[in-house]
Every structure is written in structure tokens, then in C-alpha cells.
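Here is the structure we will look at, set down as C-alpha cells.
The values are calculated or read from the model by the stated rules, or taken from the named source; none is laboratory data. Owing to the predicted nature of the structure, the values given are computational and were not obtained by experimental measurement. Backbone-built Cβ (ideal geometry, glycine too); neighbour counts: all protein chains shown. Calculation scope for accessible area: heavy atoms of the full protein, side chains included, ligands and nucleic acids excluded. Shrake-Rupley method; radii C 1.70, N 1.55, O 1.52, S 1.80 Å.
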Amino acid sequence: NMAVSPVLLLTDRNLLARKQNARLDKQNDSGWKLFGKVPLRENAQREPKRMQKEYEDKAGRPSRPPSPRQNVRKNLDFEPLSTTALILEDRPANLPAKPAEEAQKHRQQYEEMVVQAKKRELKEAQRRKKQLEERCKVEESIGNAVLTWNNEILPNWETMWCSRKVRDLWWQGIPPSVRGKVWSLAIGNELNITHELFDICLARAKERWRSLSSGGSDVESEDAGFSAADKEASLELIKLDISRTFPNLCIFQQGGPYHDMLHSILGAYTCYRPDVGYVQGMSFIAAVLILNLDTADAFIAFSNLLNKPCQMAFFRVDHGLMLTYFAAFEVFFEENLPKLFAHFKKNNLTPDIYLIDWIFTLYSKSLPLDLACRIWDVFCRDGEEFLFRTALGILKLFEDILTRMDFIHSAQFLTRLPEDLPADEVFAAISAVQMQSRNKKWAQVLAALQKDSREMEKGSPSLRH
């Protein structure tokens, strides 16, 4: 056996590699020829005319100038490419040409298709344009409103908040970027709660949670009237309610970005007002405030809001006062919607069936969130009266439907309102509600009923309104 020189081996390998590459290139050429194209070589820059000539040679047909119809088609605004390729293009040279009648028929069909497609495209374009114009108009309106609130109203809040101009802007909806600030100012802070007080209540709540989770029985002096079982039940109810608060948003549930904030506010409130504790529905109110305010400011607004007479009556479950509110509501119900009022009376559908959930959550659970925030806007302006005016607006909006329903279907409908309620229609219905009965406004009717209730408790009912 003869030894083979490494140099000869290297030379043979290079020759073999070049032969293989040459075969591959030849195969690639034949592959490209199937499609009537010329493969691009690496490091080979060809002029456009030369490439066109090679293409003509490979395709086996001379170059022809584009037809006038081809030029026209390229200028169409809308052109379904599939129909263009299949109907109007000439058949390949190796196939027989279309008969004149068939070509004319296909051309007419194609033109009809293009006309219909262009009509649809134009209609869709007009719809998109209208939507865009409306969106731009809304955004411009919001931008102008933000400037007005920031530059004119908020710096001069005390003198401007009750002016006609501000009240009109309020009705149109407060821009989200200033909503929290306006709500805080409108709700006020009569309880004089500070950020430091919130920190103290929160620290106490965390200590209570640790004590309950470890099975401790320490009872602080201010909680002496409340058993450990009550506190534990309240804690469990908070956990349960948080998991059911705006579940579609997935931001308040365990692991969500606002879970701890909501838990902190509700826990701190149970320490701030152990006499009230936690009541179902509070989580929705706190959640809406969290979406618009920082945690401490949300706690301040939350505590002051629940301290309002109507909210305190409901959350402390003062049955006598709650019945008075329902009676006042029915006065204006009968005044505004006598036909529906009589229908409800006939079916024994009392206000508590649908009003309790609306009032407890301030509509944040019953209405779409953006609509609920607009309800809150005017509620902060007009107070509790607007909550009942909103209820009458909803009943007015669906009056025709409700008058055809029995007790069960009416109760089901009102406790589960449609999810796609248009805000403009709801507010139009609310604006049509007159909160005046026999020349008496809401506050006067409510005060008269409260006086009447007190007199009845003493056994000497006063004159009915």
C-alpha cells in the first residue's frame, strides 16, 4: 500500500466539492426554468434590461407592451386580485384562446363583481370614517374639558363648583384624568381623616388578621363589644367579596394589581368603624374609588361617603329609615311613571327588590363601569337624590318592557340589567324625570316622611303629605 500525500487528498476534496456545486447550480437552473424565471447568482449585478431579455428568452415569447385595459386596472381604487388573475388575464400560450363570447361574459361578470366589491368597500370606508370622526370629536371634547377643569374650575373650586357652567360640564361627565380629584372635593372630608389615621387603622387591621390567622384571642379595648367570631366572619366576608368584585377586570382578585389595595381599605374601615364593620357591597364602592384615587385618598373618600345619611342608613341596616327612603322613592315613582307604578303595585313588586342592590353598590355592580362612573359624577354633585332619580330613569327607559312582564320576570330583569346600556339613552331618561311632587322637592318629601314616621312611633301620626 502506498501512502497518500495529505496535499493530494485536500486537492481531490476541493475538486469534488466544486463538481457537486456545479451540479446543484445546474439543478437550480432547471428548477427556475419551470417557473419561467432566471435564478439570481451571488455577486452578479444585472441591469434591468438585460434581466428582461433573459426572461423573454427563457419564457419563449417576445415582450409585449401592456394593454390599455391593464393600465386602467392598475388605477382602480379597489381591485380583487384573485378575480383579476383568473378572469381578465390572457390564457397561457400553450392553451387555446377563449372564445369571444366567453371572454365577453367573463369580463362582464368581473366588472359586476368589482362594482359590488367597490360598493361594499365604500360603505365600510364611510362607516370607519364616521367612527373615526366621532372618536376624534369625543377625544377633542374630553381634551377641552380637561383644560377647563384643570385651569379654571379646580383652582377656583369654592367659587365655581356650583356655577351653571360647571354643573353643565358635570352632567356631561368628568374626564377620567380629573375625576378622582373632583370626587374627593365633592365628597369632602367632614370626618377629618388624615393619611396618618389611615396608616394606624391599616396597621391595626393587619395585626387583627395575624391574630385571627394564628388563632389568637386578644381583644383590643375599642373592640370590646365585638366577638372574635364576628371579626373573623367579617374578615372572611371581605375575602369572599373581593373575589367577586369586578371579576371581568381580573385586577382585584388574588394576585391582581389592586387586590392588596382593596383589602387594605376594607380592612382599615372595619377598624375605623367597628360599629358598622364590613357589609356586602362595600367592596364595589371601594374598588371604584381605587380606580380613580391613591389608596389613602380612596380610604378618606370611602369613609366620608359611607357616612352620608342614605349610605349609613343602608349599611347599618336601619330598617325604619330604609323604609322611609323607599316610601319617598314611591312618591316620585307614582308622579313620573303612574302606569308602571300601578303595574308594580298590582304585581306586589316593591322597591326593596331592586333598589337595595343599586343603592348598596351605587350602581357600580348593576351598570357598565363607565356608565356607573358617570352616575357617580352627578351623584357627587347632587347627593342621594340622584341615586333615586337614576332608578326612576332606568325604570322609564324600560317602561314599555316592564309593563308587559309579571313579577318574576320584572324582578329578574331589574336585578340583572342589560350589559350594553348606552350612556346617552340612560341620561336622556334620567333628565326626563322630574324630582318634584306637589311643589315639594326630594329633601322636603323625605323630611316629611321621616317626621311622619316619628309621629307614628309615638302613636300620633301627623297629616300625610
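Answer yes or no as to whether residue 428 is assigned to a helix (DSSP H, G or I), closer than 25 Å to residue 347 by Cα, modelled with pLDDT of 95 or more and not β-branched (Val, Ile, Thr). First the steps, then the outcome.
On the way: assigned to a helix (DSSP H, G or I): yes; closer than 25 Å to residue 347 by Cα: no; modelled with pLDDT of 95 or more: yes; not β-branched (Val, Ile, Thr): yes.
So residue 428 fails the test.
If you go through region 391-408 and keep only what is assigned to a helix (DSSP H, G or I) and of a type outside the set (A, V, I, L, M), you end up with 393, 396, 399, 400, 407.
Here is a yes/no grid of residues against (1) open to solvent by 30 Å² or more (accessible area, probe 1.4 Å); (2) in contact with an Asp or Glu (Cβ under 6 Å, 6 or more places away or on another chain); (3) within 19 Å of residue 289 (Cβ to Cβ):
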site: 334; (1), (2), (3): yes, no, no
site: 341; (1), (2), (3): no, yes, no
site: 346; (1), (2), (3): yes, no, no
site: 351; (1), (2), (3): no, no, no
site: 359; (1), (2), (3): no, no, yes
site: 367; (1), (2), (3): no, no, yes
site: 374; (1), (2), (3): yes, no, yes
site: 390; (1), (2), (3): no, no, yes
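Quick one: in region 254-280, which of the residues that are polar (S, T, N, Q) and not in a loop (DSSP other than H, G, I, E, B) is surrounded by the most Cβ atoms within 10 Å (Cβ to Cβ)? Applying the filter and picking the extreme gives 270. The residue list 200, 193, 238, 242 contains one member that is outside any loop (DSSP other than H, G, I, E, B), surrounded by 11 or more Cβ atoms within 10 Å (Cβ to Cβ) and at pLDDT 95 or above, which is 200. Filtering 251, 285 for residues that are buried (at least 19 other Cβ atoms within 10 Å of the Cβ) and within 21 Å of the chain's Cα centre (by Cα) leaves a single hit, 285. Residue check: residue 403 meets all listed conditions (1) in contact with a Leu (Cβ under 9 Å, 6 or more places away or on another chain); (2) open to solvent by less than 40 Å² (accessible area, probe 1.4 Å); (3) under 16 Å from residue 329 (Cβ atoms); (4) of a type outside the set (Lys, Arg) but one, namely (3).
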